[in-house]
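Below: the structure, in structure tokens.
Just so you know, all these numbers are worked out from the coordinates, no wet-lab data involved. Please read these numbers as outputs of a predicted model, since none were measured by experiment. Don't worry about glycine lacking a Cβ; one is built from the backbone with ideal geometry, like all the others, and counts go over all protein chains shown.
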Amino acid sequence: MTAQREWLEKDYYAVLGVSKEATDKEITKAYRKLARQLHPDANPGDAAAEERFKEVSAAYDVVGDADRRKEYDEVRAMGPFAFGGGAGGPGGGGPGGMGGFRVEDLGDLFGGLFGGGAGGGRGAGFGSGGPRAAQRGDDLETELHLSFLDAAHGVTTSVHLTSDAGCRTCGGTGAAAGTTPVVCVTCQGSGAVSDNQGMFGVSQPCPSCGGRGQRIESPCGTCHGSGLERRRREVKVRIPAGVEDGQRIRLKGRGGPGRGGPAGDLYVVCRVAPHPVFGRSGDHLTVTVPITFPEAAMGATVRVPTLEGDTVGIKVPAGTSSGRVFRLRGKGIESKKGSGDLLATVEVAVPLDMSEEAREALRAYDELSAHAPREATAS
């Protein structure tokens with residue numbers, strides 16, 4: 001199924017839960033929310049969630065890109081048939097029109113669906129007489145594993161993948177050295193043949209050349225005439241600062257090779273390793289800072305680590321409870337949206353091994369203290 005036929009059947013806006021008039025920002029926001037909810041890592045073993053995640057990703061691949069969204073909207077607006085005013089106007093019967101319906105439009109439509117070019121003449125069969133329709137290359141996807149710091153700061157690196165690429169021996173022609181492809185005599189280079197049925201005809205890929213419009217009489221020994229070879233490729237990729245786990249980076253034109261059309265895109269899925277000290281919530285960093293009971297009870301200034309490797313002092317007021325969060329503004333992840341904050345949660349550390357002197361001191365404190373924390377819950 002070609003992309004255009006799939007676009008006619010699937011409403012990608014509905015898949016993402018947005019309206020057709022949604023802004024790019026609204027579409028991206030909706031995608032990220034669904035991606036977090038449906039990601040396989042968040043739903044281990046849930047096949048339905050995984051399938052929905054793929055569906056959401058496919059929808060965002062199209063409507064999340066301005067050029068492809070425009071093309072998608074145009075295809076959806078055209079529908080399965082193209083209507084337009086003939087020479088006689090809407091509802092007229094002038095040449096080339098049937099009540100406003102143009103036979104040439106069906107030629108364009110069926111030519112696109114079956115791989116043929118534009119119609120060459122009325123009654124000659126849709127898709128006949130024109131060049132074979134160009135085909136865009138496939139979109140590819142690969143994973144890139146990043147450290148927490150590389151994801152936070154951004155990095156330029158390379159991904160390695162094995163995929164189809166233009167044959168280096170024949171330059172992608174499919175023909176052996178010293179030879180060139182020849183025009184197919186069956187379809188005269190159109191790549192399609194027509195089955196005429198009165199004034200209507202249906203275009204089909206040429207059986208002699210497989211829809212290529214050319215025949216290779218002396219195939220290349222490396223690719224055997226396909227013009228493609230499967231090989232390992234290295235592709236450079238710039239990862240922006242603040243990339244999140246599961247985020248997809250699009251490399252335009254670095255996917256599969258096209259056949260007379262542009263190459264597809266390469267999507268790099270980022271897999272970010274956890275950090276031993278810091279956590280992450282969007283562009284905010286999180287960290288747990290242990291403090292002693294005396295520091296929590298009497299107050300203190302404690303040092304908090306930052307992602308840059310230094311520390312920042314925070315003032316812990318007297319009477320601070322375990323679990324209180326302190327916000328250090330601008331000390332989080334820096335991205336194109338701005339800087340996040342560092343959220344430091346203090347946690348009162350209870351010693352596991354105490355000396356007898358320390359125990360005696362605590363008993364003395366307990367006897368002197370009038371604080372009864374469970375008194376409010378007593379029946």
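Given R0 = 51 Å, the distance between the Cβ atoms of ARG232 and SER19 translates into a calculated FRET efficiency of 0.75.
Taken over the stretch 272-379, the convex hull of the Cα atoms encloses 171 Å³ per residue. Note on GLU244 and ARG36: the model spin-label points, each 7 Å out from Cα along the C-beta direction, lie 0.5 nm apart.
Label-to-label distance, HIS145 versus SER218, with points set 7 angstrom from Cα along the beta-carbon direction: 4.8 nm.
FRET efficiency for the pair ARG259 and ASP310, taken as 1/(1 + (r/R0)^6) with r the Cβ-Cβ distance and R0 = 45 Å, rounds to 0.25. Across the cross-link table entries LYS29/LYS54; LYS29/LYS236; LYS54/LYS336; LYS29/LYS336; LYS70/LYS252; LYS20/LYS252, which are compared at the Cα atoms, the separations over 19 Å belong to LYS29/LYS236; LYS54/LYS336; LYS20/LYS252. How would the stretch 168-251 be classified by its alpha-carbon gyration tensor: rounded, prolate or oblate, with rounded meaning a/c under 1.5 and the a/b versus b/c comparison settling the rest? Because a/c hits 1.5 or more and a/b fails to exceed b/c, the stretch 168-251 counts as oblate. Taking every C-alpha pair closer than 8 Å and separated by at least 6 residues, the mean separation divided by the residue count of the stretch 279-352 gives a relative contact order of 39 percent. Rounded to two decimals, the Cα radius of gyration of the stretch 246-333 over 2.2 N^0.38 Å is 1.82. Take every DSSP beta bridge whose two residues both sit in the stretch 279-352; close to 70 percent of them are antiparallel. Between THR286 and GLU9, the distance separating the two model label sites (each 7 Å from Cα on the Cα→Cβ line) works out to 4.2 nm. Cross-link partners of LYS315 among lysines, defined as those whose alpha carbon lies under 22 angstrom from its own and excluding same-chain residues fewer than eight positions apart: LYS331. Relative contact order, whole percent, for the stretch 138-285 stands at 36, derived from Cα pairs under 8 Å and 6 or more residues apart.
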